[in-house]
Amino acid sequence: MNGTEMTGKEEMHHIVRQTPLFLGLKLVILELVFSGIYLLLRLPLHFFEFDIPFIDETFLFYAIIFTLFTLIEVVLILLPLLQWANEYYEITQYEIVHHKGVVSHSQQIYPLNNIEAIIIEQGLLGRMFHYGTITLRNPVLNKTIYLYLISHPEKYMEIIKNQIDSARHKKGTFIRR
């Protein structure tokens, strides 16, 4: 989920993702919605009399409905999983890179030496379950950057602060490869 990688130059890369708590919540809600829809469609069919002489045809009808719902549900479950797996923040020595995209991939790069303010936003549930949003203000780009609903925001705020201090005290110009 969240991790630290070392490159050959002893440069730290921190990978930060949205907390898995919300991924699980999305999947549970999706399952409840699909179960409710399936029941709402199945119950009226159960109460009405069909003039189908063979029970096998009724079974086949329900089997087809169940199979279609299952296929649709699998596709709709894969979407949030793939989105979660393919959206993350990479904190490096000089920048924060926001990676996202399932089909097409995009990156937004934010240099750390221009960050003016760092704020953590956590509600009661965020403090209980260790997630929150880090807000970074970059006046040079006139932009506010949000690391939205990440796990352990205090830890990553400290890492970002250290990387900002390090980036500001480095001599020379950083050129991204």
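Nothing in this text is a laboratory measurement; each read-out follows from the coordinates by a stated rule. Because the structure is predicted, anything quoted here is derived from the model rather than measured. In this analysis, Cβ positions are derived from the backbone assuming ideal geometry, glycine residues included, and neighbour counts consider all displayed protein chains.
Quote the FRET efficiency, to the nearest 0.05, computed for L82 versus Q108 with a Förster distance R0 of 25 Å and r equal to the Cβ-Cβ distance.
0.85
Taking the beta-carbon count within 10 Å as an exposure proxy, list T135, T19, T70 from fewest neighbours to most.
In order of increasing Cβ crowding within 10 Å: T70, T135, T19.
What is the packing order of peptides 157-168, 98-109, 72-83, taking the mean over residues of other C-beta atoms within 10 Å and listing the highest first?
157-168, 72-83, 98-109
Take R42 and R127, extend 7 Å from each Cα along the Cα→Cβ direction, and tell me the distance between the two endpoints in nm.
4.4
Starting from the amide H of T19, placed 1.01 Å from N in the peptide plane, find each other amide H under 5 Å away whose residue is 5 or more places distant or on another chain.
Sorted by chain and number, the residues that satisfy this are I150, S151.
How far apart, in nm, are two points set 7 Å out from the Cα along the Cα-to-Cβ line at N142 and at L30?
My value for the distance between the label points is 3.9 nm.
Give me, ordered by chain and number, the residues 5 or more places off Y131 or on other chains with an amide H under 5 Å from its own placed amide H.
Counting only residues 5 or more places away or on other chains, the set is H152.
Calculate one ³J(HN,Hα) per residue across region 62-74 by plugging θ = phi - 60° into the Karplus curve 6.51 cos²θ - 1.76 cosθ + 1.60, and present them in order as whole Hz with x for glycine and proline.
3J(HN,Hα) across region 62-74, in whole Hz: 5, 5, 5, 4, 4, 5, 4, 5, 5, 5, 5, 5, 4.
Go through region 150-162 residue by residue and turn each phi into a ³J(HN,Hα) via Karplus (6.51, -1.76, 1.60, θ = phi - 60°); whole Hz please, and just put x for glycine and proline.
Those phi angles translate into 8, 6, 6, x, 4, 4, 6, 5, 5, 4, 5, 4, 5 Hz.
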